[in-house]
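Q: Okay, here's the structure, questions in a sec.
The values are calculated or read from the model by the stated rules, or taken from the named source; none is laboratory data. Fair warning: this is a prediction, and the values are worked out from it, not measured in the lab. Note that we place each Cβ from the backbone using ideal geometry, even for glycine, and neighbour counts take in every protein chain shown. Keep in mind that these areas ignore ligands, DNA and RNA; they rest on the heavy atoms of the full protein, side chains included. Shrake-Rupley method; radii C 1.70, N 1.55, O 1.52, S 1.80 Å.
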Amino acid sequence: ELVKDGHADAVISSGNTGGIVAASLIRLRPLPAVERPTLACIMPSLSGAFVLVDGGANPDCTPENLRQFAVMGALYARQMLGIPRPRVGVLSNGTEESKGTDLTRAALALIRQTNLHCTGYCEGYDLFLDGIDVVVCDGFVGNIVLKTSESLGKCVGSLLRSELTATP
């Protein structure tokens with residue numbers, strides 16, 4: 001309600017993601033050209049960060065949803081991360097045009113019709129090594145990327161602590 005009334009700029013929740021997405025749809029309503037909200041996850045990379053959209057709000061998407069996520073992710077990268085012309089890629093199982101699914105192929109075609117700096121497909125290898133600024137995927141795939149990255153970070157941190165505190 002505070003955001004809707006202009007008394008707050010954002011809502012932060014450590015609660016149920018589905019609940020906060022549903023509440024935002026009911027209370028705030030999407031922008032006129034946006035069918036569904038997306039979870040924008042700011043992920044670390046060698047150059048600073050990249051935006052992963054969707055991080056889990058929409059497990060089933062249309063190509064048009066992914067196009068809208070690409071536009072919103074690029075705008076976020078420009079405004080919040082200061083990237084003048086964000087590189088936008090669709091997450092796939094390879095960078096070749098023949099890869100992907102029906103959804104990713106159709107979404108890529110739509111994104112290429114925008115004025116975004118679309119680099120084509122990106123794959124998991126590109127994410128953290130500064131290969132892309134905005135990674136577009138459905139919420140099912142994005143949530144797997146997010147949770148896998150979180151657990152890998154915890155694992156590496158634990159292994160480093162163990163090794164750095166070990167005796168010769």
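Q: If I go through segment 15-35 residue by residue, how many of them are open to solvent by 50 Å² or more (accessible area, probe 1.4 Å), under 18 Å from G142 (Cβ atoms), in a loop (DSSP other than H, G, I, E, B) and touching a residue at least 12 places away in the same chain (Cβ under 8 Å)?
A: Residues meeting the conditions: 1.
Q: Further, regarding this structure: Would you be able to say whether some residue in segment 71-87 is in contact with a helix residue (DSSP H, G or I) (Cβ under 7 Å, 6 or more places away or on another chain), more than 16 Å from M43 (Cα to Cα) and buried (at least 21 other Cβ atoms within 10 Å of the Cβ)?
A: Within segment 71-87, none of the residues are in contact with a helix residue (DSSP H, G or I) (Cβ under 7 Å, 6 or more places away or on another chain), more than 16 Å from M43 (Cα to Cα) and buried (at least 21 other Cβ atoms within 10 Å of the Cβ).
Q: What number of residues within segment 112-136 satisfy the criterion of being out of contact with any Phe, Trp or Tyr (no Cβ under 8 Å at 6 or more places or on another chain) and under 12 Å from V53 (Cα atoms)?
A: 0
Q: Would you be able to say whether some residue in segment 150-166 is touching a helix residue (DSSP H, G or I) at 6+ places or on another chain (Cβ under 8 Å), of a type in the set (A, V, I, L, M, F, W, C) and open to solvent by less than 90 Å² (accessible area, probe 1.4 Å)?
A: Of the residues in segment 150-166, the ones touching a helix residue (DSSP H, G or I) at 6+ places or on another chain (Cβ under 8 Å) are none.
Within segment 150-166, none of the residues are touching a helix residue (DSSP H, G or I) at 6+ places or on another chain (Cβ under 8 Å), of a type in the set (A, V, I, L, M, F, W, C) and open to solvent by less than 90 Å² (accessible area, probe 1.4 Å).
Q: Next question, about the same structure. Considering A33, A23, A49, which residue is within 21 Å of V11 (Cα to Cα) and either touching a Ser or Thr at 6+ places or on another chain (Cβ under 8 Å) or not acidic (D, E) (or both)? Walk me through how you get there before you give the answer.
A: Details: A33 fails: within 21 Å of V11 (Cα to Cα); A49 fails: within 21 Å of V11 (Cα to Cα).
One residue alone meets the criteria, A23.
Q: Does at least one position in segment 26-36 carry a residue that is out of contact with any Pro (no Cβ under 7 Å at 6 or more places or on another chain) and small (G, A, S)?
A: There is at least one residue in segment 26-36 that is out of contact with any Pro (no Cβ under 7 Å at 6 or more places or on another chain) and small (G, A, S).
Q: Of these, D102, D60, which one is open to solvent by 80 Å² or more (accessible area, probe 1.4 Å) and within 30 Å of G15 (Cα to Cα)? Give the derivation first.
A: Working: D102 fails: within 30 Å of G15 (Cα to Cα).
Step by step, each of D102, D60 is checked, and only D60 is open to solvent by 80 Å² or more (accessible area, probe 1.4 Å) and within 30 Å of G15 (Cα to Cα).
Q: Quick one: in segment 1-11, of everything that is open to solvent by 90 Å² or more (accessible area, probe 1.4 Å) and in contact (Cβ under 8 Å) with a residue 24 or more places away in the chain, which residue is farthest from the chain's Cα centre (by Cα)?
A: In this case the residue turns out to be E1.
Q: Take the residues in segment 39-50 that are in a loop (DSSP other than H, G, I, E, B) and of a type in the set (A, V, I, L, M), then tell me which one is surrounded by the fewest Cβ atoms within 10 Å (Cβ to Cβ).
A: In this case the residue turns out to be L46.
Per-residue answers, yes or no, for (1) surrounded by 20 or more Cβ atoms within 10 Å (Cβ to Cβ); (2) out of contact with any strand residue (DSSP E or B) (no Cβ under 6 Å at 6 or more places or on another chain); (3) at pLDDT 95 or above; (4) not hydroxyl-bearing (S, T, Y):
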site: S13; (1), (2), (3), (4): no, yes, no, no
site: P37; (1), (2), (3), (4): yes, yes, no, yes
site: L52; (1), (2), (3), (4): yes, no, yes, yes
site: N65; (1), (2), (3), (4): yes, yes, yes, yes
site: V90; (1), (2), (3), (4): yes, no, yes, yes
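Q: Here's a follow-up. Starting from segment 139-168, keep only residues that are without any contact (Cβ under 8 Å) to a residue 60 or more places away in the chain, then list their pairs with residues that are open to solvent by less than 100 Å² (accessible area, probe 1.4 Å) and among the aliphatic types (A, V, I, L, M) whose Cβ atoms are within a distance under 9 Å, requiring at least 6 positions of separation or different chains.
A: V141/L91
Q: Starting from residues that are under 18 Å from K4 (Cα atoms) and either charged (D, E, K, R) or modelled with pLDDT of 95 or more (or both), keep the ones in segment 15-35 and report whichever is nearest to the chain's Cα centre (by Cα).
A: That would be R29.
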